[in-house]
Amino acid sequence: MRRDLRMEQILDAGAQVLAERGIHGCTMRDVAERAEASPANLYRYVQGKEELLYLVTERVLERAIRSAEAALAVRGGREQLKSYVTDHIRRVLAFPAEARLLQESTDALPDHLRRRLEKRRQVYLDLAADIVEGAVRQKGTRRPTILRYVQLLLGMADRVALDAALQTPQPRPDRLAAPVLELFHGGIHRKPASRKRS
């Protein structure tokens with residue numbers, strides 16, 4: 001139990017340093033200092049900054065997958081979407097460094113680790129697409145379009161949550177989710193304006 005708690009502290013510290021400095025600017029000494037550990041002790045938990053980036057990103061994706069699975073268990077497409085966006089914003093408010101880090105590239109990782117993360121990311125995106133597809137209910141909407149909707153939705157939710165993460169006290173996640181959902185639903189269901197030729 002104690003080892004697990006220490007590992008969580010190291011991952012928290014690693015996420016903060018990686019988000020602030022990137023993989024190339026991050027040193028294990030910086031992470032050790034932020035985690036209030038000696039560099040030698042840090043290496044008992046992670047072998048280097050590539051493994052640290054992998055472990056932090058994997059943790060973020062696993063949390064996101066669990067959240068999406070929980071949202072899919074909610075009854076009704078719009079309620080699923082509301083649950084999904086609200087919990088996404090809650091996670092970003094709780095872990096802003098991880099949210100920023102997830103937007104970064106994993107190109108610095110060895111191929112086998114990058115492929116593992118890409119598989120988990122795809123699982124998450126597929127779950128998110130199922131949620132969005134259930135809420136949008138537009139017949140004939142192709143999966144690539146739904147995935148673009150997911151990216152737009154997450155972009156809006158991330159921007160709102162990352163801005164709010166700097167506020168004291170932080171607004172409630174459901175209040176932050178409401179305008180995101182309103183804009184998303186309004187934009188998706190709006191009919192495109194007809195183009196007039198001049």
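What follows draws every value from the coordinates through simple rules; no lab data is involved. This one's a predicted model, so the numbers in the text were calculated from it and none came from an experiment. All Cβ positions, glycine included, derive from the backbone under ideal geometry; neighbour counts span all protein chains shown.
To test your reading of the geometry: what angle, between 0 and 90 degrees and rounded to tens, separates the Cα axis of helix 143-164 from the longest principal axis of the chain?
60
Under a point spin-label approximation (7 Å from Cα along Cα-to-Cβ), what is the Met7-Val123 distance to one decimal in nm?
Here the modelled spin labels are 1.6 nm apart.
For Leu117, Leu5, Leu101, what ranking results if the residue with the fewest other Cβ atoms within 10 Å of its Cβ goes first?
Leu5, Leu117, Leu101
Using a Cα-Cα cut-off of under 18 Å, which aspartates and glutamates could be cross-linked to Lys49, ignoring same-chain neighbours fewer than 8 residues away?
Glu8, Asp12, Glu20, Asp30, Glu33, Glu36, Glu58, Glu98, Glu104, Asp107, Asp111
To the nearest 10 degrees, how steeply does helix 173-189 sit against the main Cα axis of the chain, on a 0 to 90 scale?
40
Could you calculate the FRET efficiency of Arg29 with Val74 from 1/(1 + (r/R0)^6), where r is the beta carbon distance between them and R0 is 30 Å, rounded to 0.05? Write down the numbers at each step before the final one.
Working: r = 45 Å, r/R0 = 1.49.
Calculated transfer efficiency: 0.10.
Could you tell me how many degrees, from 0 to 90 and to the nearest 10, lie between the Cα long axis of helix 49-72 and the main elongation axis, the longest principal axis, of the Cα atoms of the chain?
Result, in degrees: 40.
State to the nearest 20 debye the size of the charge dipole of the range 1-123 about its Cα centre, where the only charges are +1 on K and R beta carbons and -1 on D and E beta carbons.
380
Amide H of Ala37: which non-local residues (sequence gap of 5 or more, or other chain) have their own amide H closer than 5 Å, using H built in the peptide plane?
Distant-sequence amide H within range of Ala37: zero hits.
Going 7 Å from the Cα of Arg143 toward and past its Cβ, which residues in the range 99-118 have a backbone nitrogen under 13 Å from where you end up?
none
Can you compute the helix-only [θ] at 222 nm over the chain? Use -39500 (n - 2.57) per DSSP H run of at least 4 residues, normalise by all residues, nearest 500 deg cm²/dmol.
Taking each H run of at least 4 residues, the total per residue is -25000 deg cm²/dmol.
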